[in-house]
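Asker: Below is a structure I'd like to ask you about.
Rule-based calculations on the coordinates, nothing more; no lab input. Here the structure is a predicted model, which is why all the values come from computation and not from measurement. Heads up, the Cβs are rebuilt from the backbone with ideal geometry, glycines too, and the neighbour counts pull from every protein chain shown.
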Amino acid sequence: MSELRKTSAVELVREPDGAGLDGDTPTMRLFALLELIAAKDQLVTLQGLVEETGLPKPTLHRMLQQLEGAGLLVRQADGRHYGTGDRLRRLAENLLLNATHHGARRAVLNHLVDELGESCNITALSGSEIVYLDRVETPEPLRFYLRPGSRVPIHCSASGKIILSQMSPAQRRKLLAHAPLKQYTAKTVTDLDALEEEFARIRRDGFALDDEEFLPGLVCVAVLVPSRTGRSNLAVAVQAPVMRLTADKALQALPALQRAAEAIKEVEAEGSADDADSIPS
């Protein structure tokens, strides 16, 4: 019979031998279940996890309850589907914001700002918003100030659109259905069909443009940071007032942005390797 133990916010389950999740301890099996769920681009159900892991339904049900109670997972309104909770998203966000290779990322941004003369940033998707992981401001007196940790809408920011462009239409519509498509300026696109046309252009051309769609007078262009594992959740962008950076002029920044994206890819890869090496065996 399974034994139950409690540690702080998470109740742990002792599984029978041969459990269908990697991990030598109850804690690590809960962590393995979180990894499995976080790696999916769709909500999960108890029955689906039973079929995927081979674990008994009562066991998985208890594990999901524990993770839900800790704020790491959240159950949807239908009572059947589970997704990542705010606590887990904050954990992932803090890891990106405070990674040990933050200094190396900042060096890439500093060089990019020196090259382009305008404010540059690194962003990631967090929930249904874009979060600024790092940002270096231009020395120009007229600028739009946004600090690391700031959030911007996904549907009318260059970074949001470039990250969305990788998803399938069904995934995008599911995400955008839960994100308020607010009309921030006269140029903000809120029609889903019109946005799909733009995503097709973004996939073809490899960059996304925010031409005064989020803030009046602000132009921004973004490219993806390539990922070694498939879909990327990082973008690098430059933004400036329209009197210094028109939509046409923004395209001239693409070669520098792409070089910076490649450099950040290497920084991320080296940071992951360093983090793995620092884990005691």
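Asker: Can you tell me the length gained on complete extension of the stretch Arg244 to Lys40, counting 0.36 nm per residue apart and subtracting the Cα distance?
Answerer: Numbers: separation 204, 0.36 × 204 = 73.44 nm, distance 4.12 nm.
Contour length minus the Cα-Cα distance gives 69.3 nm.
Asker: Full extension from Glu129 to Thr185: what is 0.36 nm times the residue separation minus their Cα-Cα distance, to one decimal in nm? Intermediate results must be reported in sequence, preceding the final value.
Answerer: Values: separation 56, 0.36 × 56 = 20.16 nm, distance 1.77 nm.
My answer for the length gained is 18.4 nm.
Asker: Check cross-link reach from Lys187 to the lysines: straight Cα distance under 17 Å, and skip same-chain residues fewer than eight apart.
Answerer: Lys161
Asker: Here's another thing I want to ask about it. Once the piece of chain linking Gln252 and Arg204 is laid out straight, how much longer is it, given 0.36 nm per residue of separation minus the C-alpha distance between them?
Answerer: Working: separation 48, 0.36 × 48 = 17.28 nm, distance 1.74 nm.
So the chain would gain 15.5 nm between Gln252 and Arg204.
Asker: Obtain the nm distance between the two label points defined at Arg75 and Phe144 by a simple spin-label model: each point lies 7 Å from its Cα along the Cα-to-C-beta direction.
Answerer: Result for the modelled spin labels: 4.2 nm.
Asker: In debye, nearest 20: dipole of the range 145-281 around its Cα centre with unit charges on the Cβ of K, R (+) and D, E (-)? If you can, show how the numbers build up before the last one.
Answerer: Numbers: 17 positive and 18 negative charges, 61 e Å.
For the range 145-281, the charge dipole is close to 300 debye.
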